[in-house]
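Peer 1: Below you'll find the structure I mean.
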Amino acid sequence: MTAAFPEWFYPGPPGGWTADMLDHLPPDAPKHVELIDGSLILMPPQTAFHMWVLRLLERRLTPPEHLAVAREMTVTLGLRQRPEPDILLVERSAVHDSVISFKPEDVHLVIEVVSDESRERDRTTKPIKYSNAGIKHFWRVEKEDAKPVVYTFELDPAARAYAPTGIHRKRLQADIGFPVDIDLDLDQSIS
């Protein structure tokens, strides 16, 4: 059985979608849509693992006052690039009632939780786009034996590419301009 796409979705505008077009999708459009290379990416329903990891990181990530944790927001990286990371750490001054997408210069950290359908984008495509935009820190969370493993990266400004800074199981300890120490036990986020 194949579900039909709405008329507005396919084939899309000539030349592809642009970042500003996401703000004008029809009311029946899905709530979470990313733009990668001018193509709309519809987000599938999340798994319980995904939800628990997001809840854990959102609750345990305690940035200094000038930064804020954000979820379900996009970052406009260019004309045809507007991904929606799972979690962002942004400049608090960039957060206001009317913001719908952050600028890369306001983003300190992006976190992507890998799912089966997003594996290639989260491992390859998005890190390249985030590093090209100058976002300083990137974390990728994967599932290993039903537990989270966090791969951390920092931007090498000369290469404009991410350098790995660690692989974290059970506990995430890092310095991203402030110390981070997070117990990765998912039981904390279920309760």
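No lab work stands behind these numbers, since they all come straight from the coordinates. What you see is a predicted model, and the numbers here were worked out from it, not measured in a lab. When we count neighbours, we look across all protein chains shown, and the Cβ atoms used for this are built from the backbone with ideal geometry, even at glycine.
Peer 1: Restricting to DSSP loop positions (anything but H, G, I, E, B) with no more than 14 other Cβ atoms inside 10 Å of their own Cβ, which GluC sites (Glu not before Pro) remain in the stretch 1-64?
Peer 2: Glu7
Peer 1: Angle, helix 48-60 long axis vs. longest principal axis of the chain, Cα atoms, 0 to 90°, nearest 10?
Peer 2: Tilt relative to the chain: about 60 degrees.
Peer 1: Along the charge dipole of the chain, pointing to its positive end and built from +1/-1 on Cβ of Lys, Arg, Asp and Glu, which listed residue (Leu42, Pro27, Gln173) has its Cα farthest out?
Peer 2: Sorting the options by dipole projection puts first Gln173.
Peer 1: Which whole-Hz ³J(HN,Hα) couplings does the stretch 145-152 yield from phi under the Karplus relation 6.51 cos²θ - 1.76 cosθ + 1.60, θ = phi - 60°, glycine and proline marked x?
Peer 2: So the J values, rounded to whole Hz, are 6, 6, 10, x, 10, 10, 9, 10.
Peer 1: Which of the aspartates and glutamates could be linked to Lys143 by a straight reach, that is with a Cα gap under 16 Å, when you skip same-chain ones fewer than 8 residues away?
Peer 2: Result set, ordered by chain and number: Asp86, Glu112, Asp116, Glu117, Glu120, Asp122, Asp183, Asp185, Asp187.
Peer 1: Out of all DSSP beta bridges in the chain, what portion is antiparallel? Express it as a percent rounded to 5.
Peer 2: Working: 36 of 43 bridges.
DSSP beta bridges in the chain are roughly 85 percent antiparallel.
Peer 1: Just name one of Gly16, Leu186, His96: the one whose Cα is farthest towards the positive end of the charge dipole of the chain (beta-carbon charges, Lys/Arg +1, Asp/Glu -1).
Peer 2: Leu186
Peer 1: Past 23 Å, Cα to Cα: identify those pairs from Lys103/Lys147; Lys103/Lys170; Lys103/Lys126; Lys31/Lys136; Lys103/Lys136, in the order given.
Peer 2: Distance filter (> 23 Å) returns Lys103/Lys147; Lys103/Lys170; Lys31/Lys136.
Peer 1: Looking at the chain as a GNM with Cα springs under 10 Å, which of Ala29, Ala146, Ala94 has the largest mean-square fluctuation?
Peer 2: Ala146
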